[in-house]
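Take a look at the following structure, please.
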Amino acid sequence: MKNITCGQKEQLSVLFRRGQLSGLPVRNPAKLSEAAAARLIAAAAQVPFGTYRLVSERMRRRLLKLREGKRVRFEDCELEFMTEDIAMGLFWVAGRREYRDTVPALRMLHQRVRKMVAKGFLEYIPNWEICLLDADEADRLIAEGERKVAALLEK
C-alpha cells in the first residue's frame, strides 16, 4: 500500500474492523491508488456497521497453512483486509483442489465428526472446516474421539 497515505490506510483499517469494508478491490493492494482509496473510503463509510465479518484467527491460521501447502494464493496484505466471505471462497477453491488428490470424506463421516464435536469428544471444529475434511482426516478425528470415549468408559 505504497501509493496511499498513512491516513487513508488507517481509515481503511478502521472501516474494515467495524465491518464496513468488504475487502480491497484489487489483487495487489500495493497498487491501490490514492484516488481509488478515497473512493473506497467514501463508499465504505455509507455501509452499516457489522455488514461484513472479519476472518477469525483460527480461519486465518488455516488459510496460511493452505497457502504454505500451495493450495491457494494470496498476499499478506490481502489477508490483512480479508472478510469471512472471501476466506470461504478460498477454502472452497482449496477444497476443490484437495479433492483432485485425495478421497473426499463421505457425508456419514462428516456427520460422525459433527456428533463427536457436539458431544464434546472432539475439540470444536466449525462446519465449514468439517466439510473440507478428506476421508483420512475424518477417520483420524473419529479415531481420536473414540479413544476419548473409551477412556471415559474405563473410568
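Scan the range 8-26 for residues that are at pLDDT 90 or above and on the phi > 0 side of the Ramachandran plot and jot them down.
The answer is Gly19, and nothing else.
What number of residues within the range 27-46 satisfy the criterion of being modelled with pLDDT under 90, outside any helix (DSSP H, G or I) and surrounded by fewer than 18 Cβ atoms within 10 Å (Cβ to Cβ)?
Qualifying residue count, the range 27-46: 3.
Now for a different question. Can you tell me which residue among Val55, Val47 is touching a residue at least 24 places away in the same chain (Cβ under 8 Å) and within 18 Å of the chain's Cα centre (by Cα)?
It is Val55.
Give me a count of the residues in the range 43-92 that are more than 14 Å from Gly23 (Cα to Cα) and not aromatic (Phe, Trp, Tyr).
20
Looking at the range 134-153, which of its residues are more than 15 Å from Phe121 (Cα to Cα) and surrounded by fewer than 14 Cβ atoms within 10 Å (Cβ to Cβ)? Walk me through it before giving the result.
Of the range 134-153, the ones more than 15 Å from Phe121 (Cα to Cα) are 134-137.
Ala135, Asp136, listed by residue number.
The values are calculated or read from the model by the stated rules, or taken from the named source; none is laboratory data. Here the structure is a predicted model, which is why all the values come from computation and not from measurement. In this analysis, Cβ positions are derived from the backbone assuming ideal geometry, glycine residues included, and neighbour counts consider all displayed protein chains.
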